[in-house]
Every structure is written in structure tokens, then in C-alpha cells.
1. Restricting to region B:153-175, give me the number of residues that are closer than 18 Å to residue B:325 by Cα and outside any strand (DSSP E or B).
2. Considering only region A:196-244, state which residues are in a loop (DSSP other than H, G, I, E, B) and over 17 Å from the mean Cα position of the chain (by Cα).
3. Name the residue, out of A:249, A:280, that is over 30 Å from residue A:123 (Cβ atoms), touching a residue at least 60 places away in the same chain (Cβ under 8 Å) and surrounded by fewer than 17 Cβ atoms within 10 Å (Cβ to Cβ).
4. Residues that are modelled with pLDDT of 95 or more and more than 14 Å from chain A (Cβ to nearest Cβ): find the strands (runs of 3 or more DSSP E) completely inside region B:49-89 holding 3 or more of those.
5. Kindly establish whether residue B:179 is over 12 Å from the mean Cα position of the chain (by Cα) and farther than 27 Å from residue B:333 by Cβ.
6. For region B:311-342, give me the residue count where each residue is under 17 Å from residue B:281 (Cβ atoms) and surrounded by 15 or more Cβ atoms within 10 Å (Cβ to Cβ).
7. Can you find a residue in region A:226-246 that is within 14 Å of another protein chain (Cβ to nearest Cβ) and over 25 Å from residue A:352 (Cα atoms)?
8. Test residue B:99 against the criterion of being within 14 Å of chain A (Cβ to nearest Cβ) and in contact (Cβ under 8 Å) with a residue 24 or more places away in the chain, and give yes or no.
């Protein structure tokens, strides 16, 4: 194997993928990246068996071949190289020689025969806007459960019907759901899959906020995502996602409209007295006003007054402020709405005039 | 107590000082900051008994008084407040009420009677340029020893004579020394003190890179540093700093001149193959050339060629690259010089044409 590749291109391949592989796995090969020629590109592939990522970067291939090199070590070296051309040769005993400017490295590698195989896409998936897909993950990922006994909740439900694409995540205390109307299933059947947290989080990092498309394909309980230069292969969570539609309240009709930034800043301030404890934050509504308050007997109390649009009777209800902060953190509209039924029923949080995204948050007793 | 203070001024006092106090001390009062009126200022004081810091920030004092509040909690609150005026009142049962904009906090405090007393400066110290003093700490701090059995090496020697001011630190493997010619002892006696690492590190953080002066005073085994608004009180290390002058080589006459940035980048690159092990980096000198190389049997090897000024015979010597990187990281001259005697003698590292700063680094066997 012998290639020439620009240092920035090589870093662009090695950097994001080395973050996916785990260095503490029992199989040493899994802490490596597979470099493989694929003229006119170099393909960089890493996997932890649950999530695999392959990127193609432009390279001048002088002799075809492949080698697996320590992901962390390769990243540390490439990061320190000057921004010029890098020459990589691999000899018969799997030693890689990297030369760049006045530097030369010789590193022992492993054979590609020991490397796990990556699934190839079959070009039968649906095509979505990349930024839209990324936004959908961002709007639901925080609600994924960490409870390992409820493993179907450890991922994001991804559902495609002939009329819409939806993502849902819930941990039993709150639920985030985003739905985009679109007509992507021209010639395919509806699909449904549970994308594990790590695969969703890595996808979010790998899909930069650049315009473009992404092809989504489900094959043998794997999710394959591909863009022009990147292929992500994630093992899906098997099982049935719970019936989430029944927890979305139908009678939450008392609406509050509040400025997103003021609400966020107010909750951040009142949360300072919460400490480590999961104490409720009280929201007291009176016409035109929202009073946020927290009481922590160990530390003290905090109160915050906000002007809001609210025209119903006085009501006090308690929430875990962390859940509301997570929601407000990904919301992009200027105003947020809260729709309530009564103090002990779940509340519906959404962006003002934005029907594509909603969060259900269970109240806490105050 | 009742004051009005701008949020940014309050944060400017609370932020740097909360970083000094320790939250895990057995004495709860030490995790608090003492707020005390001192018209037309508010004084903020925190201490871990080894290092105490007091800052004065402008405030409108409506009623004099004092209170000790949890450092971390106060910092978290003030950081989240909007940049406007903050009203702080303390009632008879030591509850502080903080109001700012639409926010209100009530926090229980402790009495100032429980708070350690801060030493007051006596205006008998020497006056130095603040940036120069800061630079001297920065140039020596990294060489302070972590070996607790050699406690006099756990700080920076600070020595003032009628003609110069010097700081020295060493851990037995390397020594950093910086000396400034100046005539500050107009009417005082020479001083010598060992400033503990934490006090030096906090001083570095607290003295922003602003022009101005700093007064340095030694009193009863304490170092008092004061600027217009900040007073630092550090308990000194007692004992005798070793005779460091004997380790400075007198016969290191073979001089190498190398570009600082190229040397730094080259060492960073060759160090990538070192891993966690304290392996030597070999410097092979031939006329006009320096070859850096590292060999790690587990990982591979790295080589870097540098053009240098060197006119003596070929010589190979080994060093801990970390020590050279620490030195190069604080050097400000464009060119660095290395003066060598032979491969097994300590080497002298300095900035080209800069007699104020030098580092002695012991070689490693290669």
C-alpha cells in the first residue's frame, strides 16, 4: 500500500472516527482504524461492533492495499503533522511508514483480515435533508432513557410512513416527539426502527451542519446512513417501542405563551438552589404572570417572575426543571407554549406555532 | 447589611476567589466567602488557610455589615444573573436576600465571627511590575516538585537582593531560574521565601495580564501580595531551599541554536509515540542538523529532522521531552539555545540572547 494524502483530509477522516472506537474493548483490533485504498480515495473505517463509521477522503493511490492502525495513536500523530502532503506506505510485514515534511513515523499495524466487515448500502433507502435529520435527532436525543432494564427506551424510535417521518424518545418522565410531513416513500414500505443512543449521538457529531442529503436504509436489524463521503452502520435495538401516543394529553387546553430565552434564564437561575437533589420547581400561573420558585431547605430559596400570556384561573404545578431546560435548549422558536390540563396531569411543551415538535413532561408533586 | 452592586463587579470578586476555596474541607466555614462592607466597596474574602484572597469591588453601601455565604452557591447564582444592579440585604438571623431584575434568592449564611482573619499589609514591601512578576511565576511554576518528601521543593524560591529579583524551581530532574536586574530594595533588607505551588498558581490566575504594580511583603512566614483591588495572603514553605547554583553547569559550551516553534512542533510529534512511558527522546547533533528520535517497542518510532546552528562534533544525548516542551511552552524568544558539555552532563536551555531565563535539564541514558 502506498498513498499520498493531504494532512487535513486525513485528519478529517481519522478525527471523527477515532472518537467512535473504544480503546478499552477486549478485542485489540477494535481500537484500530482500517485504512484501505479505494481509488481515488482512502477509506477510513472504525467500529465498536455497535456503531461503525467509514469515511472516504481524497487520496492519490500509488499502490493499493490496507492496514489497521491504532486509532488513538494515528489520531495523535496526524493532529500534530503540518498541513501539507502525507506519504503513507505499508510494507509486507505490516509496518506503516508515515512521512510528512521533516517528520517520519514507523508504526506496526494489524492485518485487515482481522477487521470486522462493514455492511454496504443497497441504494434502496429513503432520502432526507441532512440538516432536518440532524435536527430531529437533536430534538429527541436528550429524552432517551438511561434505564438499562427498559432497553427499548435506550434509543430513539424512527418511524417513516407514506406521509411523515417521526422521531420519539422517552424515559418515562418526559417524552420528546418531532414529526416532519414529507413524501419520501415513493416506492418503499413504511419503516420503523429504534436507533440506540450512541449511534444517534455519533450521527449528530458526524453530520456537520452542511446542506445536502442523507440516505437512510434499514437492513437486517441494522441502520445504514450514508452521505457523499460517510457511511454509518448502526445495530438497531430489537423489540417493541411502547405505545407512546397514549401519554400525549388530549385535554391540555390551558395555554401559556412565554419568551423562550427569559424562561430558560429564569429556570437556570432558580435551579441554582436545587443542588444535587431532584426537587420540584413550582410554576405558579396567574393571568399574565408566571412565578417560578424553588425551595431547598439545605440551601435557600429562589423566585423568578415572568410576564406571560395566560388567561385562565390561577394554577400551581411542579416540574423537574432539568426536563424543561433540555427542551428549551433545543427549541428554536422565539416563544414557547405550555399547555396544561390540571396540576397533576402531564403538560405539553412546544414552540409557538410549531406543530413539528412537542415535549410531554410529567408533573412533580409540590 | 444592605448594598447595591453591579452584577459584573460582584462576579469579578466572587468568581476568582471561589476557585481558591476548597469545598471538601472539614470546616464548613472554609467553603464560604466572607462578604463585608468597606465603603465605597464590598470586600470578598475566601481562604483555604494556606492561601487567602480578598478583592474589593465597587458597591453602594446602604448599611454596613458582613455575611459568609457558600462560595459555590453564590458563584452559581451570580453567574446566572443578568448584567444589571444587584441588591443584597442581610437580616438579623443571617439570611441573605439577593434581588436582581425579576429574580429573588434567599440563602442562609454564617457569621463573620467564625471566619479566619486575614493579615493586613503593612506597606513595607517591595514594588514590582505586575506583568513581570506574573511572567517570573509562569517561567518557573512547571518545574516545582510534586514529591511531598522533599517539601522545600514544593514551591518557588523567591529571592530579592539589592541588585536583582530571582525565582527558582526544581524537581531534581530539571531546574528553571529567572532573574531580573532591578533596584527595588531602596530601603529594605534582602528577602528570601519559598512560595508554595498553589499560592503561585492562584497568583498567576488572579493577576490578569494588565499593566500595573504589585507590592510584595513577607511577614511572619506569610507572603502578602497586593494590587489596587486584590490582596493575596499565602503561608510560606518553611525550610531551606537546596543550593541550586551548584547544579548549573559551568562547562556547557557547545551551543545549538534552534527555532523555538519548529523545535516545539517536532518534539510534540516525536512524543506521540511515547505513550505513557517515560522513554528518552534522542537528540543527535551533527553540524547544522538536529535529529530528534523516539523508539517505543510497543508502538513504533518517530524521527524529526531540524535545521539548527551547531558547529561542534557529532553528539547524541537523551532527554525527557516533556521537560523541554514545558520550557519551550513559556519561552517567548524566536530562537532557543541549548548549551551542552557531553551526553551525560546537564544541558542549559535558554532563549537566544535572553540572559534573564534559563532551564537546566538532566540527560537520560539512551
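The values are calculated or read from the model by the stated rules, or taken from the named source; none is laboratory data. Keep in mind the model is a prediction, meaning the values are calculated, not measured. Quick reminder, even Gly has a Cβ in these numbers, built from the backbone with ideal geometry, and neighbours come from all protein chains shown.
1. The number of residues fulfilling the criteria is 3.
2. Selection gives A:211, A:212, A:220, A:221, A:228, A:229, A:238, A:239, A:240, A:241, A:242, A:243.
3. A:249
4. B:51-58, B:60-63
5. Numbers: over 12 Å from the mean Cα position of the chain (by Cα): yes; farther than 27 Å from residue B:333 by Cβ: no.
No.
6. Adding up the residues that qualify gives 16.
7. Looking for residues that are within 14 Å of another protein chain (Cβ to nearest Cβ) and over 25 Å from residue A:352 (Cα atoms), one finds none in region A:226-246, hence no.
8. No.
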